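What follows is a single structure, written as structure tokens, with notes after it.
The values are calculated or read from the model by the stated rules, or taken from the named source; none is laboratory data. As the structure is a computational prediction, the values presented were derived from the model and not from experiment. Cβ placement follows ideal geometry from the backbone for every residue including glycine, while neighbour counts extend to all protein chains displayed.
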């Protein structure tokens, strides 16, 4: 399939390497014969392809993202493919400076400031904001079917009861905003002391901004209060940040629970470390 995509785009490739930290698509970093570095991306499904295509159209010129050089709608065997420019730099690391954390806040706020486009019908990106509580609940109980076979019955029952109790304590949703749904360090590209942009839009929605802080906090912000403060300042320079303390516990809990179900769907053996991390997180939330 990859060879067919290369032929479709008419590329002369000198060197190609698959990107390892891509969980919902095939992504390859390719060096062309003219020396230019580009990325080939093949989403796993037609829906993910359509979401990403619409996201590039919506975000272009408003948020720092790669340039979509070309795309192919695919056929019966291929869901579709993208040819993308390279954002200079590497994924966000824990040793980032407060300056970078500030820019991450700005980047996310710029994205959250985007509202559903008036008069434009979207096929892939759904607007879940009006029924946000139902959307969150649907996601949770969808993964619950997978989680149930991995937890003992007492722990599983505790998790369900905790979800039902916590969901009623949430404030009114913040939006409708363009939400990434996978806003984590691996998808934030940093070049020296400057944020180059954000990648990977196959899970995006219009919904409540509150959901989008979970993975960033889990993998980056919680380790250093200085970075957390700088991030908040950056975000607030664009739009008002909600009281994260009111929503993070709920979304951290559901993230751990849903991630266990994700590991079951994607393969327990190859996701063993991530599974154990989330099992421990879930148990700590339920203590």
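Tell me, please, whether a residue that is surrounded by 15 or more Cβ atoms within 10 Å (Cβ to Cβ) and in contact with a strand residue (DSSP E or B) (Cβ under 7 Å, 6 or more places away or on another chain) can be found in region 142-162. Checked against the condition, which is being surrounded by 15 or more Cβ atoms within 10 Å (Cβ to Cβ) and in contact with a strand residue (DSSP E or B) (Cβ under 7 Å, 6 or more places away or on another chain), region 142-162 yields no hits at all. There is no residue in region 29-47 that is free of Cβ contacts under 8 Å to residues at least 40 places away in the same chain, closer than 11 Å to residue 82 by Cα, in a strand (DSSP E or B) and not assigned by TED's automatic domain parsing to the domain that holds residue 123.
Mind checking whether some residue in region 267-278 is touching a helix residue (DSSP H, G or I) at 6+ places or on another chain (Cβ under 9 Å), free of Cβ contacts under 8 Å to residues at least 12 places away in the same chain and buried (at least 18 other Cβ atoms within 10 Å of the Cβ)? Among the residues of region 267-278, at least one is touching a helix residue (DSSP H, G or I) at 6+ places or on another chain (Cβ under 9 Å), free of Cβ contacts under 8 Å to residues at least 12 places away in the same chain and buried (at least 18 other Cβ atoms within 10 Å of the Cβ), which makes the answer yes. Each residue in region 18-28 was checked for being over 23 Å from residue 124 (Cα atoms), within 18 Å of the chain's Cα centre (by Cα) and either surrounded by 15 or more Cβ atoms within 10 Å (Cβ to Cβ) or without any contact (Cβ under 8 Å) to a residue 60 or more places away in the chain (or both), and 2 of them qualify. Taken together, 119, 124 contain a single residue that is part of a loop (DSSP other than H, G, I, E, B), over 19 Å from the mean Cα position of the chain (by Cα) and either touching a residue at least 60 places away in the same chain (Cβ under 8 Å) or more than 23 Å from residue 183 (Cβ to Cβ) (or both), which is 119. Among the candidates 201, 206, single out the residue that is farther than 20 Å from residue 281 by Cβ, in a loop (DSSP other than H, G, I, E, B), at pLDDT 95 or above and within 21 Å of the chain's Cα centre (by Cα). Answer to the check: 201. Cβ separations smaller than 6 Å between residues 6+ apart or across chains give no pair from region 230-247 residues that are without any contact (Cβ under 8 Å) to a residue 12 or more places away in the chain to residues that are surrounded by fewer than 16 Cβ atoms within 10 Å (Cβ to Cβ). Looking across region 184-198 at every residue that is under 20 Å from residue 125 (Cβ atoms) and over 9 Å from the mean Cα position of the chain (by Cα), the one that is surrounded by the most Cβ atoms within 10 Å (Cβ to Cβ) is identified as 198.
Only one of the numbered conditions (1) outside any helix (DSSP H, G or I); (2) farther than 24 Å from residue 138 by Cα; (3) touching a helix residue (DSSP H, G or I) at 6+ places or on another chain (Cβ under 9 Å) is violated by residue 235, and that is (1). Filter region 147-159 for residues that are more than 25 Å from the chain's Cα centre (by Cα) and in contact (Cβ under 8 Å) with a residue 60 or more places away in the chain; which is farthest from residue 249 (Cα to Cα)? Among those residues, the one meeting the criterion is 149. Counting only residues that are free of Cβ contacts under 8 Å to residues at least 60 places away in the same chain and part of a helix (DSSP H, G or I), region 160-186 holds 5 of them.
Does residue 96 count as buried (at least 18 other Cβ atoms within 10 Å of the Cβ), part of a loop (DSSP other than H, G, I, E, B) and assigned by TED's automatic domain parsing to the domain that holds residue 117? Against the criterion (buried (at least 18 other Cβ atoms within 10 Å of the Cβ), part of a loop (DSSP other than H, G, I, E, B) and assigned by TED's automatic domain parsing to the domain that holds residue 117), residue 96 qualifies.
Among the residues of region 128-141, at least one is surrounded by 13 or more Cβ atoms within 10 Å (Cβ to Cβ) and not in a helix (DSSP H, G or I). Scanning region 51-72 for residues that are outside any helix (DSSP H, G or I) and free of Cβ contacts under 8 Å to residues at least 12 places away in the same chain yields 60, 61. Candidates in region 73-93 are the residues that are farther than 14 Å from residue 48 by Cα and out of contact with any strand residue (DSSP E or B) (no Cβ under 8 Å at 6 or more places or on another chain); of these, the one that is surrounded by the most Cβ atoms within 10 Å (Cβ to Cβ) is 75.
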